[in-house]
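Take a look at the structure below.
The values are calculated or read from the model by the stated rules, or taken from the named source; none is laboratory data. Here the structure is a predicted model, which is why all the values come from computation and not from measurement. Neighbour counts are summed over all protein chains in view; Cβ atoms, including those assigned to glycine, are modelled from backbone coordinates with ideal geometry.
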Amino acid sequence: MMTSETNLQQQLKQMVIKQKTTHLESPDDHLYLTSLYQLLHQYEEHVSKLVIQALQGSGEYTPFGLMDLLLEEFKKAEARTNSESQRLLHQYRLHKARLDEVYQLVKEILTTRNLGEHANGG
């Protein structure tokens, strides 16, 4: 394994630990945030699968197929959010931002590895 890949994997482990210390609050009293909440969980699940692949040294990068829908749900929520649910929406934005960081790092690890394998005839 290349040193740069090892460094990326260490960085990834630290980011995952930081991400896992957060809890995504349920939108119980804000039903219009339910779709956003569910999509965030799907995004987190997708990122988690990619993380496992990256740490195991196997698999390929696959984009999150519902990203456009997730972004659209954020737009809808921002248009409908009242002062009471601003805190919850802010939490969701932060959660997505942390997932995005992990997602980009995993993408870099998996695509770099796969490019290296193809260059070496793998």
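Condition check ((1) surrounded by fewer than 12 Cβ atoms within 10 Å (Cβ to Cβ); (2) more than 16 Å from the chain's Cα centre (by Cα); (3) more than 17 Å from residue 49 (Cβ to Cβ); (4) among the charged types (D, E, K, R)) across all residues:
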{"residue": "64", "(1), (2), (3), (4)": "no, no, no, no"}
{"residue": "67", "(1), (2), (3), (4)": "no, no, no, no"}
{"residue": "70", "(1), (2), (3), (4)": "no, no, no, no"}
{"residue": "74", "(1), (2), (3), (4)": "no, no, yes, no"}
{"residue": "88", "(1), (2), (3), (4)": "no, yes, yes, no"}
{"residue": "92", "(1), (2), (3), (4)": "no, no, yes, no"}
{"residue": "95", "(1), (2), (3), (4)": "no, no, yes, no"}
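Can you confirm whether residue 55 is at pLDDT 90 or above and in contact with a helix residue (DSSP H, G or I) (Cβ under 9 Å, 6 or more places away or on another chain)?
no
Does region 55-65 include one or more residues that are under 18 Å from residue 109 (Cβ atoms), hydrophobic (A, V, I, L, M, F, W, C) and part of a helix (DSSP H, G or I)?
Yes, that holds for at least one residue.
Do we have any residue at all in region 42-50 that's assigned to a helix (DSSP H, G or I), out of contact with any Leu (no Cβ under 7 Å at 6 or more places or on another chain) and over 20 Å from residue 105 (Cβ atoms)?
no
On the basis of being at pLDDT below 95, acidic (Asp, Glu), over 29 Å from residue 7 (Cα atoms) and in a helix (DSSP H, G or I), does residue 84 make the cut?
Considered against the rule, which asks whether it is at pLDDT below 95, acidic (Asp, Glu), over 29 Å from residue 7 (Cα atoms) and in a helix (DSSP H, G or I), residue 84 comes out as no.
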